[in-house]
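The values are calculated or read from the model by the stated rules, or taken from the named source; none is laboratory data. From a predicted model like this one, the values you see are computed outputs, not experimental measurements. Cβ: placed from backbone, ideal geometry, glycine included. Neighbour counts: every protein chain shown. Just so you know, the surface numbers come from the protein's heavy atoms only, side chains and all, with ligands and any DNA or RNA stripped out. Shrake-Rupley method; radii C 1.70, N 1.55, O 1.52, S 1.80 Å.
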Amino acid sequence: MPSVYFQTFGCQMNVADSDALQRALAARGYAPVPAPEDADLIVVNTCSVREHAELRARARIAEFAAVKTRRPEMRIWVIGCMAERFGEKLKETIPGIDAVIGAPELVDAEAVVQRYIDKEKHAAAVNPVHPARGVSEFVPVMRGCDNYCAYCVVPFVRGRETSIPADDVVRAVSERVKDGVCEVTLLGQNVNSYNDNGNDFSDLLRRVAAIEGLLRIRFTTSHPKDLSEKLVHTIAGIPAVCRHIHLPVQSGSDRILSLMNRRYTVAHYRTLIEMIRKLLPDADITTDLLVGFPSEGEEDFASTLELVEQVRFTAAFMFAYSVRQGTAAAKLDDDVPRGTKTGRLNRLITLQTSITRSIYESMVGRTLAMMAYGPVEKRGAKFLKGQDRGCKRILIPCIDMKAGTILQVRAVRSSGMTIIAERI
Ligand code: SAH
Ligand code: SF4
Ligand code: F3S
């Protein structure tokens, strides 16, 4: 039986693409194995969003290529965003790669498998395998991005923005629910511009929420230029939609936002936060922040700190600017010294971490609805891991409980970025 090992870098969209490819391979008899040394096929799904992500992927591919020198029959596929960005050139810089498959081609996993597997093994008998599904999965609702934020490589590696027809999304979610999935996260770079023949993302949410057996719906990402009051109203009206809005702000300085081509102001962002807090008072709001964009000065950075202090995000992903060749910002002088970028990033992380801690601490004593994801071990003790209706992680001392169940729990204490709770 052929075997496959997946290594996935990057965002949730990559996780979804890897999952789709894994399933198409499973239908051809490829069984997942836990150790890359034992695999007949290694698939590395890559990310190009920052230089660091690319360096890590290159190092990992080189490690796999070293294994391959001992097992020449092994095949290595490099797929995803870096594959799109560098194409066949990757084969020259890292010897040992058999196929380079760019992110846009992965939209049709079935076609990928037909092209790269079936043509080699057209006569072989196939014994399909059935990899287990988790209880929570990602489902793309949009592909690509047309926003061209000045720093961002995604529009170049993922192609034009397209909405997946609502019928297809509903079919994909329903199939997963039949397989035992209880929660889905709908994915798009900017779900607020979803448009299927005039039906918007609110309409899509309502259709997905009507799927029987689906307990929770999450989605990401919302772009502040397009987040509408209608959508927040819709979320408020559907109990299955989780109370979590990821709304990347990137910077608290209007001058920097404009250079970034984000197409909103800090004032607009603040009105969105007010609107969300009014309509969804318990919602977790999270964000992405990017420091050290070209020309960012201390006063710009101070505005970012001020915004973070005032909004009090439940959590944030924070990054130092990394030049991506081919983007608009690559034409600007990358003039914030590396040390300054790291210094600002550390100050921001310190501030946000203290806010996250205090939000988690403020939950102690409260009753939360936790979806159980499965068992974990922490310092020798067994726990059941889960998430509340927002985005907060919860652990409860292990009890025998089927993953996918929603439990009422009381928060007992918080340890940084996790709530320790007990079952009521
Ligand atoms: N579509 C999402 C973001 C996808 S990329 C949105 O618009 O919000 C995820 C995050 O990576 C971005 O929000 C940004 O904070 C960060 N990022 C993107 N390009 C970057 C770069 N060149 N350097 C550093 N961080 C970057
Ligand atoms: Fe990148 Fe902007 Fe598109 Fe997000 S919206 S993927 S940051 S270009
Ligand atoms: Fe995602 Fe990285 Fe590609 S963030 S879309 S995997 S460049």
(message) So, restricting to strands (runs of 3 or more DSSP E) that lie completely within the stretch 319-424, which ones have at least 3 residues that are in contact (Cβ under 8 Å) with a residue 40 or more places away in the chain?
(response) 367-378, 406-415, 418-423
(request) Specify which of the listed residues (200, 226) is more than 16 Å from ligand 2 (Cβ to nearest atom) and within 21 Å of residue 144 (Cα to Cα). (result) 200
(message) Let me confirm something: among 288, 254, which residue is within 16 Å of ligand 1 (Cβ to nearest atom) and not aliphatic (A, V, I, L, M)?
(response) 288
(request) Could you please find all residues in the stretch 188-223 being hydroxyl-bearing (Ser, Thr, Tyr) and within 16 Å of ligand 1 (Cβ to nearest atom)? (result) 193, 194, 220, 221, 222
(message) For the condition away from ligand 3 (no atom under 16 Å from the Cβ), open to solvent by 20 Å² or more (accessible area, probe 1.4 Å) and assigned by TED's automatic domain parsing to the domain that holds residue 345, what is the one hit in 297, 252, 292, 213?
(response) 213
(request) Please determine, by comparing only the residues of the stretch 29-74 that are within 17 Å of residue 9 (Cα to Cα) and charged (D, E, K, R), which one is surrounded by the fewest Cβ atoms within 10 Å (Cβ to Cβ). (result) 51
(request) Mind telling me which of the residues 65, 26, 31, 35 ends up being more than 16 Å from ligand 3 (Cβ to nearest atom) and either among the β-branched types (Val, Ile, Thr) or touching a His at 6+ places or on another chain (Cβ under 8 Å) (or both)? (result) 26
(request) Name every residue in the stretch 341-366 that is among the β-branched types (Val, Ile, Thr) and touching a strand residue (DSSP E or B) at 6+ places or on another chain (Cβ under 9 Å), in order of residue number. (result) 342, 349, 355, 356, 359, 364
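Rundown of residues vs (1) within 13 Å of ligand 1 (Cβ to nearest atom); (2) among the charged types (D, E, K, R); (3) outside the structural domain of residue 51 (by TED's automatic domain parsing), yes/no style:
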| site | (1), (2), (3) |
| --- | --- |
| 325 | yes, no, yes |
| 328 | yes, no, yes |
| 331 | no, yes, yes |
| 337 | no, no, yes |
| 344 | yes, yes, yes |
| 351 | no, no, yes |
| 355 | no, no, yes |
| 371 | no, no, yes |
(request) Collect the residues in the stretch 8-45 that are more than 16 Å from ligand 1 (Cβ to nearest atom), of a type in the set (A, V, I, L, M, F, W, C) and in a loop (DSSP other than H, G, I, E, B), keeping them in residue-number order. (result) 27, 33, 35, 39
(message) Checking the structure you have, find out if any residue of the stretch 223-232 is over 22 Å from residue 349 (Cα atoms), surrounded by fewer than 19 Cβ atoms within 10 Å (Cβ to Cβ), among the small types (Gly, Ala, Ser) and modelled with pLDDT of 95 or more.
(response) yes
